[in-house]
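Let me begin by presenting the structure, written as structure tokens, before commenting on it.
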Amino acid sequence: YRGLLGHKSVLTGTSLQNPWHQVHKQTLRWVEASKAAGKPWVVANDEQNPAGQGVPPDPGYQGFDGWGTDPEFGKYNLHHIRKYTLWGNLMAGGAGVEYYFGYGLPENDLIAEDYRSRDKSWEYCGYAIHFFHENKIPFWQMRNRNELVGNTDASNTRFCLGKENEVYVIYLLEGGSTDIDLSEASGTFAVKWYNPREGGNLHNGSVKQIRAGGKVSVGNPPEDAEEDWVVLLSK
């Protein structure tokens, strides 16, 4: 893609094909590279590898157990896709996902007629859209800020998207908590939690407000501390 970056190119975006667990890092790479070249791209993700597997059907669909097999990562399912692929793209400043069904699983890319085979994965996409729209989050004005949560190598641990001194979104792939460096900000931020597995309203966690000016903890989620959670910091 390097030769296609910048104002001399007619391209305005791309949709990346890569392993499902590398979506965040690869999306971030081209979001930042295109911006640095002076013409920011819209960066989506599709055809999630491995090629024969893609996004697995829901557990129980036509008796399927819900698991795909990745030679590098091992077994994975719709929860991994939600965390690493869907939220991985969005939290890198990406445009979203187009799901690929592989060619070796039930209702695959070659024969698919029943999109309900991935019904739960579509629901997770809807919950993500609901979060950004219903809470009036200005995602188009935000950029990836992983460094604020100590994730300088864009590893699949915790992601941050932010608009300086206004709003920050943190995604915790495996739950728990994190600190965020608000040295660049001022004032007080409300702390709310969103369940990306079930959607719905925002919830209070163990900390309801934090004061900017340094590194602070966002506290703990309201329940299911080992599951993935979204944290919203806003004024």
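Key figures for this structure:
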quantity: Within segment 58-85, considering residues that are touching a residue at least 60 places away in the same chain (Cβ under 8 Å) and touching a strand residue (DSSP E or B) at 6+ places or on another chain (Cβ under 9 Å), the one nearest to Trp122 (Cα to Cα); calculated: Ile81
quantity: Condition check for Arg2: within 24 Å of Arg145 (Cβ to Cβ) and among the basic types (Lys, Arg); calculated: no
quantity: Candidate set from segment 190-235 (those that are basic (Lys, Arg) and not in a loop (DSSP other than H, G, I, E, B)); member that is nearest to Arg145 (Cα to Cα); calculated: Lys215
quantity: Some residue of segment 35-43 being farther than 13 Å from Gly93 by Cβ, part of a strand (DSSP E or B) and either at pLDDT below 95 or in the same structural domain as Gly93 (by TED's automatic domain parsing) (or both); calculated: no
quantity: Members of segment 134-169 that are touching a Leu at 6+ places or on another chain (Cβ under 9 Å), assigned to a loop (DSSP other than H, G, I, E, B) and of a type outside the set (A, V, I, L, M, F, W, C); calculated: Asn135, Arg145, Asn156, Thr157, Asn165
quantity: Single condition Trp30 does not satisfy, out of (1) closer than 25 Å to Glu147 by Cβ; (2) touching a residue at least 60 places away in the same chain (Cβ under 8 Å); calculated: (2)
quantity: Of residues in segment 1-30 being hydrophobic (A, V, I, L, M, F, W, C) and in a helix (DSSP H, G or I), the one nearest to Tyr100 (Cα to Cα); calculated: Trp20
quantity: Residues satisfying the stated conditions in segment 203-215, i.e. surrounded by fewer than 18 Cβ atoms within 10 Å (Cβ to Cβ) and either assigned by TED's automatic domain parsing to the domain that holds Trp122 or within 23 Å of the chain's Cα centre (by Cα) (or both); calculated: His203, Asn204
quantity: Given (1) buried (at least 22 other Cβ atoms within 10 Å of the Cβ); (2) touching a Lys or Arg at 6+ places or on another chain (Cβ under 7 Å), index of the condition Phe159 fails; calculated: (2)
quantity: Asp58 touching a helix residue (DSSP H, G or I) at 6+ places or on another chain (Cβ under 6 Å), surrounded by fewer than 22 Cβ atoms within 10 Å (Cβ to Cβ) and charged (D, E, K, R); calculated: yes
quantity: Hits in segment 129-164 (condition: more than 22 Å from Trp30 (Cα to Cα) and either of a type in the set (S, T, N, Q) or in contact (Cβ under 8 Å) with a residue 60 or more places away in the chain (or both)); calculated: His130, Phe131, Asn135, Ile137
quantity: Which numbered condition Ala185 misses (of (1) in contact (Cβ under 8 Å) with a residue 40 or more places away in the chain; (2) outside any strand (DSSP E or B)); calculated: (1)
quantity: Sole exception among (1) out of contact with any Phe, Trp or Tyr (no Cβ under 8 Å at 6 or more places or on another chain); (2) not assigned by TED's automatic domain parsing to the domain that holds Gly102; (3) not hydroxyl-bearing (Ser, Thr, Tyr) for Cys160, by number; calculated: (1)
quantity: Some residue of segment 76-95 being more than 21 Å from Leu202 (Cβ to Cβ) and β-branched (Val, Ile, Thr); calculated: yes
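The values are calculated or read from the model by the stated rules, or taken from the named source; none is laboratory data. Everything numeric in this text was worked out from a predicted model, so none of it was measured. FYI the Cβ positions are ideal-geometry reconstructions off the backbone, even for glycines, and counts take in every protein chain you see.
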